[in-house]
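The values are calculated or read from the model by the stated rules, or taken from the named source; none is laboratory data. Computed from a predicted model, the values in this text were never measured in an experiment. Virtual Cβ from ideal backbone geometry, glycine too; neighbours counted across all protein chains shown. Just so you know, the surface numbers come from the protein's heavy atoms only, side chains and all, with ligands and any DNA or RNA stripped out. Shrake-Rupley method; radii C 1.70, N 1.55, O 1.52, S 1.80 Å.
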Amino acid sequence: MPVLAVVAAHLVLALCLPGLARYHRRLAFGAGAVLLAGTLVWAVVQAPAALGPGVTDSLEWAPELGLRLSLRLDALALAMIVLVSGVGALIMVYAAWYFGPRSRDAARSAALLVTFAGMMLGLVLADDLLTLYVFWELTSLTSFLLVGQGGQYRENRRAAVQALLVTVFGGLSMLLGIVLLGQLAGTYSIPEITAASTAGTLAPDEPVLLAVSLVLILMGALTKSAQLPFHPWLPYAMAAPTPISAYLHAASMVKAGVVLVARLGPAFAVHAVWWVPVVGLGLATMLLGGWRALRQTDLKRLLAFGTVSQLGFLMVLFGAGSRVAALAGIAMLLAHGLFKAPLFMVVGAIDKACGTRDLRELCGLGRRRRGLAVLGTLAGLSMAGLPPMLGFVGKEAAYEAFLLEGGVRGWIVALGLLTGSLLTVAYTARFLWGAFATKGTRPTGGDPVPLGLSLPAWLCALTGLAAGFAAPLVQEIAAAYARPLPPLGDPYAAQYGLALWHGIGLALGFTLVAVVGGLLLHRYGSALTGQAKIPGISAQRGYEAVVTGLERFAIALTGRLQIGSLPVYLACILITLIVLPGPVLALTGALPESQEPYHSIMQVPVGLMVIVAALALTRARRRFTAVLLVGAVGYGIGGLFVIDGAPDLALAQFLVETLTLVAFVFVLRRLPAHFDEPETERRVRLPKAAVAAVGGLLVAGTAVVLSGARVLPPATTDAFVAGAPQAGATNLISAILVDFRALDTIGEITILLICAAGTASLVLATRYDKKKGGTVVDSGSGSPKHEQEVLG
Amino acid sequence: MTTSRQYDDTRPGGPAPAPEETHWSAWDQPSGRWMLPGACPEPRERTLVLEAAARLLFPTVLVFSVFLLFEGHYGPGGGFSGGLVAGLAFVLRHIAGGADDPGSTMRIRPPAVVGTGLIISVLTGLAPVLWGGSVFESAKWRLDLGELGYVDLVTSLLLDVGVYLLIIGVVLDLLRSLGSGIARDAARAGEDGPPGGGDR
């Protein structure tokens with residue numbers, strides 16, 4: 001099982017990294033980089049097989065539930081591995097130099113980055129919807145930890161929580177959709193579902209349910225890839241240190257949604273319920289992200305909005321469901337990772353060299369750090385879609401796809417993409433101008449950038465350049481992915497392949513318009529972009545309203561229920577018991593036919609003792625008396641167990657009763673000897689008595705009814721009795737506890753553990769607070785300070 | 001657990017009072033530090049009968065609890081009951097020895113005991129997977145001891161041992177938080193009325 005082993009290797013290494021990082025920080029990142037690079041090499045070696053039938057591997061997880069870890073290396077996975085492992089390895093090298101020698105975040109980040117890479121790898125390789133879901137949520141969790149960092153900064157915490165809430169919300173709805181789809185299809189295997197869908201045998205008589213499941217699955221894709229209206233979490237997640245942003249938000253995690261759409265696109269792109277939201281929201285996201293990027297002053301946030309825009313672009317390409325669009329999709333997928341990651345790395349280097357990444361403060365960096373400027377421009381060219389970069393190849397194919405498709409949809413989308421690209425050119429220009437141009441009179445600093453920070457970015461950007469020239473190679477992967485998709489249009493469309501030069505045509509004209517328009521917009525459009533904002537509508541404010549609304553609701557609810565009065569809590573519990581199972585018992589319960597008053601004479605005195613103690617308890621005025629009476633009831637019940645021949649139960653009952661008494665006595669030392677109000681008012685006492693009496697009667701009635709409810713001999717008891725000697729036990733109770741129901745026992749003792757920990761924390765918490773003293777955690781929202789700390 | 005070292009009288013911390021240094025006021029100070037606090041509690045808080053009883057009973061009860069643990073497979077008992085009995089032995093010691101019972105040279109951290117118990121139990125459940133079995137599968141060996149008969153070894157006993165440890169830990173945690181913790185808070189708040197408290 002080579003594929004599984006590759007994924008598992010990431011987890012194993014991640015476990016070792018914290019220790020290694022303590023020994024040597026760069027070595028830890030280096031080990032991660034080696035593993036990631038090794039994964040890439042492995043994938044490239046497998047490429048011939050992957051582009052053909054694919055390399056599959058699976059492990060039965062819980063066969064009874066249809067759960068299996070099933071992975072497959074195919075063209076799409078290969079393309080993503082280039083980003084996840086290839087770009088990932090470069091970013092690990094970058095991170096080794098980025099995290100300062102005294103940075104406390106390095107050890108955790110190294111381990112988490114490798115874990116994340118493993119999870120992402122599993123996600124892109126997943127060949128089964130449930131496998132995909134598992135890895136999907138694991139990437140969400142890991143990215144939460146990565147964005148949240150040490151949790152010391154409010155900004156990080158808020159960004160991490162927002163990313164987690166949004167992506168997990170989508171993930172859960174996706175799980176619903178997956179289960180629904182799996183039930184409709186009778187399988188969770190993606191190839192089988194795809195085959196059934198293209199053959200038209202997938203739930204032909206349940207179109208509504210199918211549509212619902214598709215929409216639910218899309219929710220996952222849209223949230224994870226930050227599509228409208230879920231986009232705000234991505235720019236906020238920029239609170240993370242730059243290597244993490246570069247990896248999560250340029251190369252990998254945010255592409256998960258795109259990968260999902262690409263994975264299922266060949267099966268469902270014909271359904272309007274699939275392509276309308278994907279293409280529509282994708283287009284809107286592309287435009288909005290581009291527009292918002294034009295107003296950012298923080299270079300990293302500018303890039304973040306650029307990512308939002310590009311993700312929308314990718315969604316359009318993979319959602320359209322035609323061959324050329326898919327070719328363009330794969331090209332853009334690769335291109336985006338290869339230009340966005342180096343751009344982030346450049347921003348990180350600028351941040352480190354100048355101490356700021358605000359484009360209003362940066363000045364003259366292009367003169368002082370020519371290498372960095374050339375690097376940034378190289379990556380920027382690909383982002384703007386200029387030849388001879390891979391970005392150009394992809395963008396041209398994208399125009400071509402929708403121009404060839406024609407029709408209303410084709411033209412709307414093509415013009416939308418043109419507008420989006422125009423904005424892309426504009427924000428690229430803004431980025432390059434903001435980072436490197438000489439604007440003011442006072443040039444900002446610019447210490448030399450260490451090789452470890454610039455080399456990975458160079459490698460990445462140069463790969464983007466090389467891939468532009470090596471378009472036929474990209475075409476190989478893309479064609480393998482696009483094989484099952486309908487070609488649409490004329491023979492030219494069927495023959496179309498990715499290449500740097502397709503001759504002069506409409507698509508080239510589009511590129512020209514986008515570049516010229518974008519440059520003009522950047523040069524003269526500042527008044528336009530500066531203020532245009534739709535008042536009152538903000539997705540971020542929507543998110544905040546939802547979250548604060550939930551919190552208010554929770555506070556209101558707890559405020560009403562948790563009022564600190566023990567009688568009220570007891571009343572709530574008892575009334576629930578009376579209201580819910582009570583009527584059922586009254587309506588459907590049948591008393592057993594023969595109900596003897598007792599079946600052993602010894603039960604009479606012991607039972608009487610219990611009853612008398614319980615009655616006396618209600619009249620007790622002192623707490624200590626009450627506790628003793630409760631003990632008497634408990635011992636009495638233990639006695640009944642003895643009489644009925646259950647020594648195990650009796651022993652446990654006696655011991656627990658004793659321990660409870662002791663615990664009560666401990667607590668009683670801090671409580672008044674008497675109950676608070678010896679003479680409570682009648683209007684309080686009567687309802688209390690009524691609720692208690694009804695509750696007691698209900699429990700007693702239930703016991704009687706249940707004792708007669710079993711009409712057949714229990715199915716498992718015989719098996720238990722027969723199996724006990726095999727389990728090495730002559731005591732059946734013990735055999736049940738530690739053999740037949742061992743899992744239950746583990747669960748129960750875990751609860752005990754939680755109770756003990758809870759009690760201890762409640763009692764000891766105040767003391768620990770005092771001991772800690774007044775060390776205030778500085779949770780300022782200024783990100784430069786945090787970045788400073790990360791840098792060491 | 002509080003094993004061997006409890007019986008170790010040569011701990012570095014407490015000076016064992018030599019006979020010639022004995023003052024008449026302190027002649028009845030407990031010297032067997034393996035069980036009761038080396039420091040003499042407030043005279044009015046002491047009950048010598050209880051202390052003596054605790055000395056006698058504590059080891060006996062612990063042994064009995066271990067017996068219950070092993071007996072579980074054949075008769076009433078098991079990890080839960082055994083753990084509770086051992087826990088009650090500690091309760092007795094706590095009551096006799098006072099709130100700040102340093103007890104032994106080894107400071108036991110109850111959460112560690114609880115965690116150890118849970119870990120043992122969970123690992124017992126998972127271990128069979130390593131040998132290709134299913135989760136919680138148990139194996140049984142019979143050791144023949146010739147004239148002495150035989151001993152059955154069942155792997156599920158380990159699960160019971162985990163439960164045993166966990167229950168002891170829970171009881172110790174209760175003693176730490178509800179027993180010593182509350183007492184210390186009370187002392188700090190300046191209340192030192194008799195146990196049970198007066199009317200406030």
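With a 1.4 Å probe and all protein chains kept in place, how do A:T167, A:T588, A:T438 rank by accessible area, largest first? Numbers along the way, then the final one.
Values: A:T167 0, A:T588 105, A:T438 75 Å².
If we order A:T167, A:T588, A:T438 from most to least accessible, we get A:T588, A:T438, A:T167.
At 1.4 Å probe size, what's the solvent-accessible area of A:W97? Round to the nearest 10 Å².
A:W97 exposes around 90 Å² with every protein chain in place.
Hey, got the dipole for the protein assembly as shown? About the Cα centre, +1 on K and R Cβ, -1 on D and E Cβ, debye to the nearest 20? Kindly include the intermediate steps, with their values, before the conclusion.
On the way: 70 positive and 62 negative charges, 881 e Å.
Taking the Cα centre of the protein assembly as shown as origin, the dipole is about 4240 debye.
How would B:E137, B:E51 rank on accessible area, largest to smallest, probe 1.4 Å?
On the way: B:E137 100, B:E51 15 Å².
Highest to lowest solvent-accessible surface, that is B:E137, B:E51.
Once you treat every alpha carbon in segment A:246-295 as an equal point and sum by Debye, what is log10 I(q)/I(0) at q = 0.23, 0.28, 0.30 Å⁻¹?
-0.95, -1.04, -1.06
What Rg and what Dmax come out for segment A:583-704 when only alpha-carbon atoms are used, in angstroms?
Spelled out, the Cα radius of gyration and Dmax of segment A:583-704 are 17.2, 50 Å.
Working from the alpha-carbon coordinates of segment A:589-636, get Rg over Rh, Rh being the Kirkwood radius. Each step should come with its number before you reach the end.
Numbers: Rg = 14.1 Å, Rh = 12.2 Å.
Radius of gyration over Kirkwood radius for segment A:589-636 works out to 1.16.
So what is the 222 nm mean residue ellipticity for the protein assembly as shown from helices alone, if each DSSP H run of at least 4 adds -39500 (n - 2.57) and you divide by all residues, rounding to the nearest 500 deg cm²/dmol?
Details: 41 runs with 664 residues, N = 992.
Helix-only estimate at 222 nm: -22000 deg cm²/dmol.
Relative to the first principal axis of the alpha-carbon coordinates of chain A, what is the inclination of helix A:25-45, with its axis defined by its Cα atoms, in degrees from 0 to 90 and to the nearest 10?
70 degrees
Using only the alpha-carbon atoms of segment A:379-520, report the extent along each of the three principal axes, biggest first, to the nearest angstrom.
Result for segment A:379-520: principal-axis Cα extents of 58, 33, 23 Å.
To the nearest 10 square angstrom, what accessible area does A:E476 show with a 1.4 Å probe?
We get 110 Å² for A:E476.
Working only with C-alpha atoms, what are the Rg and Dmax values of segment A:687-745, expressed in angstrom?
Just the Cα atoms of segment A:687-745 yield Rg and Dmax of 17.8, 54 Å.
Calculate the FRET efficiency for A:Q540 and A:A689 from the Cβ-Cβ distance with a Förster distance of 56 Å, rounded to the nearest 0.05. All intermediate terms of the calculation are to be shown ahead of the outcome.
On the way: r = 54 Å, r/R0 = 0.97.
Working from the Cβ atoms, E equals 0.55.
With θ set to phi - 60°, apply the Karplus curve 6.51 cos²θ - 1.76 cosθ + 1.60 along segment A:273-281 and write out the HN-Hα couplings as whole Hz, x wherever there is a Gly or Pro.
3J(HN,Hα) across segment A:273-281, in whole Hz: 5, 8, 7, 4, x, 5, 5, x, 5.
Suppose all protein chains stay in the model; what accessible area per residue would a 1.4 Å probe give for segment A:125-227, in Å²? Each step should come with its number before you reach the end.
Numbers: 3700 Å² over 103 residues.
About 36 Å² of surface per residue is accessible.
How big, on average over all directions, is the shadow cast by the Cα convex hull of segment A:142-248, in nm²? Before the final figure, lay out each step's value.
Details: hull surface 30.5 nm².
Mean projected area for segment A:142-248: 7.6 nm², to one decimal.
Order A:Y23, B:Y150, A:Y543, A:Y492 by their accessible area, 1.4 angstrom probe, all chains in place, largest first.
Values: A:Y23 175, B:Y150 130, A:Y543 45, A:Y492 105 Å².
So the residues, ranked largest to smallest area, are A:Y23, B:Y150, A:Y492, A:Y543.
If you average over every viewing direction, what projected area does the convex hull of the Cα atoms of segment B:64-186 give, in nm²?
So the Cα hull casts an average projection of 9.7 nm².
Put +1 on the Cβ of each Lys and Arg and -1 on the Cβ of each Asp and Glu in the protein assembly as shown; which of A:L659, A:Y635, A:G517 then has its Cα farthest toward the positive end of the dipole?
Result: A:G517.
How tilted is helix A:471-482 with respect to the longest principal axis of chain A? Cα atoms for both, answer in degrees (0 to 90, nearest 10).
For helix A:471-482, the angle is close to 40 degrees.
Leaving ligands, DNA and RNA out of it, report the carbon-plus-sulfur percent of the accessible area of the protein assembly as shown at a 1.4 Å probe. Spell out each step's value before the answer.
Numbers: 31750 of 46670 Å².
The C+S portion of the solvent-accessible surface of the protein assembly as shown is 68 percent.
Too long at a 25 Å Cα-Cα cut-off: which of A:K255/A:K395; A:K224/A:K352; A:K352/A:K395; A:K224/A:K300? List each step's numbers first, then the result.
Working: A:K255/A:K395 18 Å; A:K224/A:K352 30 Å; A:K352/A:K395 33 Å; A:K224/A:K300 20 Å.
As for pairs spanning more than 25 Å Cα to Cα, those are A:K224/A:K352; A:K352/A:K395.
Each residue of segment A:693-699 in order: what ³J(HN,Hα) in whole Hz does its phi give by Karplus 6.51 cos²θ - 1.76 cosθ + 1.60, θ = phi - 60°, with x for Gly and Pro?
Taking θ as phi minus 60°, the curve returns 5, 5, x, x, 4, 4, 5 Hz for segment A:693-699.
Residue by residue through segment A:380-385, which ³J(HN,Hα) values in whole Hz follow from phi under the Karplus form 6.51 cos²θ - 1.76 cosθ + 1.60 (θ = phi - 60°), with glycine and proline marked x?
For segment A:380-385, the Karplus-derived couplings read x, 4, 5, 5, 6, x Hz, x marking Gly and Pro.
Once label points are set 7 Å from the Cα along Cα→Cβ at both A:H502 and A:L561, what is their separation, rounded to one decimal in nm?
Placing both labels 7 Å beyond Cα along the Cβ direction yields 5.9 nm.
Expressed as a whole percent, how much of the Cα-Cα distance distribution for the protein assembly as shown exceeds 59 Å?
Working: 141576 of 491536 pairs.
In whole percent, the long-distance tail amounts to 29.
Restrict the search to segment A:536-640; then list the GluC sites (Glu not before Pro) that DSSP places in a loop and that have at most 10 other Cβ atoms within 10 Å of their Cβ. The partial results should precede the final answer.
On the way: sites: A:E544, A:E551, A:E593; in loops: A:E593.
Counting only loop positions with at most 10 other Cβ atoms within 10 Å, the GluC sites (Glu not before Pro) in segment A:536-640 are A:E593.
Scattering from the C-alpha atoms of segment A:651-766 alone, worked out with Debye: what is log10 I(q)/I(0) at q = 0.09, 0.12, 0.13, 0.17 1/Å?
-0.53, -0.88, -0.98, -1.19
Quick one: what does P(r) look like for segment A:266-371 with 10 Å bins over all Cα pairs, in whole %?
Reading the bins upward from 0: 15, 35, 27, 15, 7, 1.
Accessible area lost on pairing A with B, both sides, 1.4 Å probe, Å² to nearest 100?
4100 Å²
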